[in-house]
Amino acid sequence: MVLTRDPSGQLSGRKTVLATAANSLEYLGYRVEIVVLASARPPEHWQHRQVHHVRLPGLAPAVVSAVAVVLLKRGSFNECLFDSPRVRREVARVSRSTRAVVVVADGLRTASPALASGRPVLVHLDDLLSDRYRALADEPDAGHADVLGFFAGQIPRLLRPLARALAGRLLRIEARRTDVRERQVASQAAAVATTGEEEARELSRRTGRAVAVLPMAVDVLPAGDPAAAPAWSVVFLGLLDYAPNRAALRWWTDEVRPVLDHLGGADVHLTVVGHDSSQAVAPADQRIRYTGYVEDLASELRRHRAMVVPIRSGAGVKTKILDAFSVGLPVVSTSAGAAGLGATAGRDLLVADDPRRFAEAVLRLRDDGAAAGRLGYAGRSLLGACWSSQALHLRWQTCVAPLPAQSGLKDFR
């Protein structure tokens, strides 16, 4: 597996996807080794798996790659920091030395080094970056994060409009180039997958080839009792270093909170669970409690009446909803948050995109513990049928089993 991040440490949605991939491949009988493209050296082992470190390209190769993107329309800016002739050679060397019969590429950034290995490659896209960038550049008022991201606060206020215009223009270029690259990689790889069903259907439509859906596995855990939890307590789960999560909290604070107060929901309090390297970016509200990262997530989730997912941007399956399903916690989500789950609104979770309807759904669960319990049970049943480890093992088997024969090598499982 060729990754752009150290898979150890605190879990995120993407790291859960990577762990699912490694666990499923080992369940199928493969020995899994990891290549991490990074500046800093990662730990030598991730759990029991060998980790190989490949240094990122230096400044000069990255600049040359960026110039090629602009002048020759070759590659994408996303790949510039991770791809170079040296990186490709080192990934190919590790593939030979480990006698790899399949290489799994973590997203578009690792696709070129993985394809240069000479082995059959499964490119596992998290989502369609082209769509994400296009939305960020073209729909700044549709609930998407600031196009300047973390740099917004470092730019003088008077210069921010100009900076946003320039960043938007660059993002539109990147969206077009990334769209081209996603199509190219999908045609070159032995197999291609996304984490969400909607992205898989769209990429299949664009490329005319089958696209697998390989999301994260989340197993069913002992259920809580939402009806017995404090009726006024709801929870939001997510890394606050991730801009769409911060935007979701702002929407809750600025749009949903006033409606809740107007409808008699002044007692509703929100607990935010998730790592935040800078508390200053999170909305300040006396009815929001920030816990940071928690070791026992399941126990924390069982303490609440419901989970709220006011996500209005971002792509792929939202792991936070699956975590709620795992303990039978009912969910109130936007359409963007529920995308790709295959869940039925009103049966498996409540879906609302308007602040008033979102607030009404929260109050419905506050006032009806039995309804909260039924909704939580339905979500937990859906998780067991579609998102358990066993279900994901079967998906990986269908996708990967035909690939070793394409290498011309013996299957060394």
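Throughout, read-outs are computed from the coordinates displayed, never taken from laboratory work. This one's a predicted model, so the numbers in the text were calculated from it and none came from an experiment. Here the Cβ is made from the backbone with ideal geometry for all residues, glycine too, and neighbour counts use every protein chain on show.
Values as computed for the structure displayed
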item: Among beta bridges that DSSP assigns inside the chain, antiparallel share in %, nearest 5; result: 5 percent
item: Sum of side-chain charges, Arg364 neighbourhood, beta-carbon under 13 Å (Lys, Arg +1; Asp, Glu -1); result: +2
item: Unit charges on C-beta of K, R, D, E only; dipole of the chain, Debye; result: 1460 debye
item: At 0.692 mPa s and 37 °C, Stokes D of the range 231-279 from Kirkwood alpha-carbon radius, µm² per second; result: 284 µm²/s
item: Computed over the chain, the ratio Rg/Rh where both radii use C-alpha atoms and Rh is Kirkwood; result: 0.98
item: FRET E, pair Ala40, Arg356, Förster distance 41 Å, beta-carbon r, rounded to 0.05; result: 0.30
item: Which of Ile311, Pro43, Val351, positive extreme of dipole for the chain (C-beta unit charges); result: Pro43
item: Computed lengthening from Ser388 to Ala68, 0.36 nm per intervening residue step minus Cα-Cα distance; result: 110.9 nm
item: FRET efficiency, Arg89 to Ala298 (Cβ-Cβ, R0 51 Å, nearest 0.05); result: 0.70
item: Label point distance in nm, Asp241-Ala370, each placed 7 Å from Cα along Cα→Cβ; result: 4.6 nm
item: Convex hull of Cα atoms in the range 226-387, direction-averaged projection (nm²); result: 8.2 nm²
item: Added length on full extension, which subtracts the Cα-Cα distance from 0.36 nm per residue, Thr291 to His262; result: 7.7 nm
item: Neighbourhood charge, 12 Å Cβ-Cβ cut-off, centred on Ala68 and excluding it, Lys, Arg +1 and Asp, Glu -1; result: +1
item: Relative contact order of the chain, defined on C-alpha pairs under 8 angstrom at six or more residues apart (%); result: 17 percent
item: Cα-Cα separations in the range 170-229 greater than 17 Å, expressed as whole percent; result: 55 percent
item: Along the chain, longest interval not containing exposed GluC sites (Glu not before Pro), exposed being DSSP loop plus at most 12 other Cβ atoms within 10 Å; result: 45-294
item: Check: the range 226-387 dipole with +1 on Lys, Arg Cβ and -1 on Asp, Glu Cβ, in debye; result: 260 debye
item: In order through the range 198-211: 3J(HN,Hα) via Karplus (6.51 cos²θ - 1.76 cosθ + 1.60), integer Hz, x for Gly, Pro; result: 5, 5, 4, 5, 5, 5, 5, 5, 6, 10, x, 10, 5, 10
item: Bins of 5 Å, starting at 0 and running to the largest distance - Cα pair percent for the range 14-67; result: 4, 18, 19, 20, 13, 10, 9, 5, 1
item: Length added when fully stretched, Ala210-Leu28, from 0.36 nm per residue minus Cα-Cα; result: 63.3 nm
